[in-house]
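Below you'll find the structure, written out as C-alpha cells, and then a few comments.
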2 protein chains.
Amino acid sequence: MPEPVATLDEIRALMAHLPGPDLEAGTAAALRESQLTKPAGALGRLEELAQWLAIWQGRHPPHVNHPRTAVFAGNHGVAARGVSAYPATVTAQMVQNFIAGGAAVNQLCKTVDADLRVYEMNLDQPTADIVEAAAMSEEECARAIAYGMMAVEPGIDALALGEMGIANTTAAAALALALFGGEATDWVGPGTGVGGAALAAKREVVAQAAARHRAAPADPLELLRRLGGLEFAALVGAILAARMARVPVVLDGYATTAAAAVLYAADSHALDHCVVGHVSAEPGHRRLLERIGKPALFDFGMRLGEASGATLALAVLKAAAACHAGMATFAEAGVSGPA
Amino acid sequence: MPEPVATLDEIRALMAHLPGPDLEAGTAAALRESQLTKPAGALGRLEELAQWLAIWQGRHPPHVNHPRTAVFAGNHGVAARGVSAYPATVTAQMVQNFIAGGAAVNQLCKTVDADLRVYEMNLDQPTADIVEAAAMSEEECARAIAYGMMAVEPGIDALALGEMGIANTTAAAALALALFGGEATDWVGPGTGVGGAALAAKREVVAQAAARHRAAPADPLELLRRLGGLEFAALVGAILAARMARVPVVLDGYATTAAAAVLYAADSHALDHCVVGHVSAEPGHRRLLERIGKPALFDFGMRLGEASGATLALAVLKAAAACHAGMATFAEAGVSGPA
C-alpha cells in the first residue's frame, strides 16, 4: 500500500467540496433524447441512464467505452467467530482465482468488455475483531481510503465496484445497524450460507459489535473505521475519487452498498453519481437500498459479491450510452413524427 | 416471400411433435454448477439460465456466441382507424432506419454483438381491418409462419425476437382478449402514445374485433389468422423453428409475447424454450406474462418493441453461459469449500 495521503479529517474536508451535477450536459441529453427515432420515453430507464451518464461524466454525448471493474479484498478479525460458512483463507484463495481468471467476475468482465482490477489489502493482517475493538486505527482507515482512490485512473469512463472478504456481510450488517438503526435481525442474513445456530450467532455478533461502537460520536466515517474493514474503506475512497474524476459508478451488493452508505449518511447527495446494479438475495441489501433511495436495475437473486452484479449492469450502461449516441433523429432518418 | 411450405393444419401437426427438454444436458449443467467457485446458488437467475440454455440447446456446456436478433415488420388494416399515435407509413420508414443502422435495436445489437436481421413483410399490403374481417387468409397466415421460420439458420445459438408494425398493439390486445378473456380495458394501453378519446376508441376497436372473431372455433392458430398480423404469424414460425433447431429464444414486449401466447394457448409447453427479456411499460404485457407464467428478466419501463428489450437480454444469456463455461471449479482453483 502507498503511504497515507489523507487523514479522516482530510476526507471530511474533501466531502464538503464534491463536484455537483453538470446540468448543461443533462439538458443536452434531454434535448437529443426527444429527437431520436422512438416514441418519447419508449426506452424507459435506458433514457434516464443516458442522461445520468451525461450529468455525471460532465459530457455530451456520454460514453461507456472503457469501463473498469474494481474488486477490493480484505480480511476480518471477526471471521474467527465462525460467522461465515467458509474459512478466512478463502479470501486469498479467491484473489488467486481472480488473478488466474477463474471466478465469475472474470467471465462477466469478458462478456461486457470491462477491465478488471483486483486490489488485495494485507490479507495476512485482518482487521481487529469488531466485537472487542475498532476494526481499524485512524491511520489504517485513512490509508485504505487513499488506496481505494487509486482505482480511478485517467481514461476509464465507468466504474463497477465490488469486494471479496470472508465475514464481510457481518461487518456490513453491523455498519448498517449502526448507521440506520433497527435490530440486528433486520440486517443479518445467511451471507455465503450460514443457517440455524450459526446464523443466530452471527446476529448476536452483529448486535454486540454495533452496540459497542454506535455510542461513538455519530460520525459515519468513524463508524466505518470501527465497524467496517479495509475493503469497505477502499470502496469509500474509490467512490469519492470517481466523483472527483467524473466517473459514474455502479455499486454491487450488500457489502459494497454498506460501504457506500457511509458516504450517504454523511451527505445524502454523495452517491448521486452512483447506481446500484442488482438487488442481492442477501435480505439486508433490499432494506439498505430503500434507506439510500436507490432502486436496483435488476433482481436476479445473486449474492456472490466480487462485483458480479455491478459488472453485469455495465452492459445496461453501455446499452444506454450506445442508444443515446448512435440512434438517428427523426429528421436524419426521414421518419414521421406523431400524426 | 417464398412459396408456402405449410398449411395451418401442417403447423398443427408439427406442434404435436415438438422436441422436449434435454434432461441429460440439464443434469450435466447442474453438476458442474455445484462445483464452480461460488457458494451454491450465488449466481441466482444466471445459474438457472445456464441450465435452461443447456436443456434447450441440448448441449453441455451451452454457449451464446452467435446470437441473432430478428425483427419482423408488418402493416395492419386497422391502423386506418387511428388507433396509433403514428401514421402507418412509419412502419416502412422504421424498416429503412433499421437498414441504415439508426434505430435503437441497431445500437443494442452492436452492444451485445448480435447479428441483426430485419424481415419486411409486404408493407404495402396491410392485413384486413380486424373489426370487419379476418386479418389474413389461411394461405397468407401459413405463408407468413413459413417465412418466419427462415430466421432460424444453422450456426445461431440464441434468438431474440421482436417486431415493428404501426397499430400492432391493437392487434396484440385483440388477440390477448380473444385468447384469455377479460375486458378490452384489461389489454389495451397507450402503445406508441395514444390517450384520451383516441385511447377510448382503441379500446372500442379491440372489443369489437375480439367480439367478431372469438366466436370462431376456439383454436389459437385460427385466432392468430383472424386477429393477428403478418409479423405475428412470422414470430410464431420463428419460435417453432427455433424449438426444432434447439435454439433458445428471448421474447420482446407486448406484441411479440401476444404472438407467442398463441402457441402457449395451444400447448402450455410450447414456449418452454423461450424466456422473456423485459416487462414492457405497455400495461397488457405484465398481465400477459402472468397468463403464460413467464416472469421477465428485468423491468426498465421500455415500450419500444423492435426487439429492443429482447436484444438487451441477450447480454444476460451471454453472461450466464460465460460464467457457467468459464469459471474454475473449487478443485481446479484450489479454493476451500464450506468449513
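The values are calculated or read from the model by the stated rules, or taken from the named source; none is laboratory data. What you see is a predicted model, and the numbers here were worked out from it, not measured in a lab. Using ideal geometry, Cβ is built from the backbone for each residue, glycine included, and neighbour counts are taken over all protein chains shown. Please note that ligands, DNA and RNA were not included when accessible areas were found on the heavy atoms of the full protein model with its side chains. Shrake-Rupley method; radii C 1.70, N 1.55, O 1.52, S 1.80 Å.
What the table below lists for this structure:
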item: Hey, B:T329 of a type outside the set (A, V, I, L, M, F, W, C), closer than 27 Å to B:D267 by Cβ and facing chain A (nearest Cβ under 9 Å) or not; result: no
item: Members of region B:24-59 found to be more than 24 Å from A:P190 (Cβ to Cβ) and assigned to a loop (DSSP other than H, G, I, E, B), listed by number; result: B:G58, B:R59
item: Looking only at region A:280-294, and only at residues there that are of a type in the set (G, A, S) and surrounded by fewer than 24 Cβ atoms within 10 Å (Cβ to Cβ), the one that is nearest to A:M244 (Cα to Cα); result: A:G293
item: One residue from B:P39, B:P19 being open to solvent by 10 Å² or more (accessible area, probe 1.4 Å) and in contact with a Lys or Arg (Cβ under 7 Å, 6 or more places away or on another chain); result: B:P19
item: Filter result (closer than 15 Å to B:E204 by Cβ and of a type in the set (A, V, I, L, M)) within region B:160-170; result: B:A167
item: Residues of region A:234-262 that turn out to be of a type in the set (V, I, T) and over 14 Å from A:P67 (Cα atoms), as a count; result: 5
item: Residue count for region B:222-239, restricted to those that are over 21 Å from B:M164 (Cβ atoms) and in contact with a Leu (Cβ under 8 Å, 6 or more places away or on another chain); result: 2
item: Residues within region B:60-102 that are within 24 Å of A:G334 (Cα to Cα), under 19 Å from the mean Cα position of the chain (by Cα) and assigned to a loop (DSSP other than H, G, I, E, B), tallied; result: 2
item: The lone exception for A:A215 - which of (1) among the small types (G, A, S); (2) open to solvent by 30 Å² or more (accessible area, probe 1.4 Å); (3) more than 19 Å from A:A265 (Cα to Cα) it fails; result: (3)
item: Selection from region B:40-53 of residues that are in contact with a Gly (Cβ under 7 Å, 6 or more places away or on another chain), touching a residue at least 40 places away in the same chain (Cβ under 8 Å) and facing chain A (nearest Cβ under 8 Å); result: B:R45
item: Filter result (over 18 Å from B:E153 (Cα atoms) and either of a type in the set (S, T, N, Q) or within 13 Å of chain A (Cβ to nearest Cβ) (or both)) within region B:54-72; result: B:P61
item: Residue match in region B:298-311 (condition: modelled with pLDDT of 95 or more, more than 19 Å from A:E48 (Cα to Cα) and at the interface with chain A (Cβ under 7 Å from one of its Cβ atoms)); result: no
item: Among residues of region B:103-117, those that are within 14 Å of chain A (Cβ to nearest Cβ), open to solvent by 20 Å² or more (accessible area, probe 1.4 Å) and not in a helix (DSSP H, G or I), counted; result: 2
item: Pair list, Cβ < 6 Å and 6+ apart or interchain, from region A:238-253 residues that are over 21 Å from A:H63 (Cβ atoms) to residues that are of a type in the set (S, T, Y) and outside any helix (DSSP H, G or I); result: A:G253/A:S280
item: Output for region A:77-97, where each listed residue is in contact (Cβ under 8 Å) with a residue 40 or more places away in the chain, surrounded by fewer than 24 Cβ atoms within 10 Å (Cβ to Cβ) and either more than 7 Å from every other protein chain (Cβ to nearest Cβ) or at positive phi (or both); result: A:G77, A:A80, A:R81, A:G82, A:A88, A:V95
item: Residues located in region A:295-323, provided they are among the charged types (D, E, K, R) and open to solvent by 10 Å² or more (accessible area, probe 1.4 Å); result: A:D299, A:R303, A:K318
item: Yes/no for B:G189 being open to solvent by less than 10 Å² (accessible area, probe 1.4 Å), in contact with a helix residue (DSSP H, G or I) (Cβ under 8 Å, 6 or more places away or on another chain) and outside any helix (DSSP H, G or I); result: yes
item: Filtered residue count, region A:165-186, keeping only those that are more than 15 Å from A:A259 (Cβ to Cβ), assigned to a helix (DSSP H, G or I) and touching a residue at least 60 places away in the same chain (Cβ under 8 Å); result: 1
item: Verdict on B:I156 being more than 23 Å from B:R291 (Cα to Cα), in contact with an Asp or Glu (Cβ under 8 Å, 6 or more places away or on another chain) and touching a residue at least 24 places away in the same chain (Cβ under 8 Å); result: yes
item: Failed condition for B:A200, given (1) part of a helix (DSSP H, G or I); (2) in contact (Cβ under 8 Å) with a residue 60 or more places away in the chain; (3) open to solvent by 40 Å² or more (accessible area, probe 1.4 Å); result: (2)
item: Considering residues of region A:26-36 that are away from every other protein chain (no Cβ under 12 Å) and open to solvent by less than 30 Å² (accessible area, probe 1.4 Å) only, the residue nearest to A:P248 (Cα to Cα); result: A:G26
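Residues are listed down the side, and each one gets a yes or a no for (1) more than 14 Å from chain B (Cβ to nearest Cβ); (2) open to solvent by 10 Å² or more (accessible area, probe 1.4 Å):
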residue: A:G237; (1), (2): yes, no
residue: A:M244; (1), (2): yes, yes
residue: A:H273; (1), (2): yes, no
residue: A:H278; (1), (2): no, no
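Conditions tested, residue by residue: (1) more than 23 Å from A:C141 (Cα to Cα); (2) modelled with pLDDT of 95 or more; (3) touching a strand residue (DSSP E or B) at 6+ places or on another chain (Cβ under 7 Å).
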| residue | (1), (2), (3) |
| --- | --- |
| A:P21 | yes, yes, no |
| A:R32 | yes, yes, no |
| A:L36 | yes, yes, yes |
| A:A42 | yes, yes, no |
| A:I55 | yes, yes, no |
| A:R68 | yes, yes, yes |
| A:A79 | no, yes, no |
| A:Y86 | yes, no, no |
| A:A92 | no, yes, no |
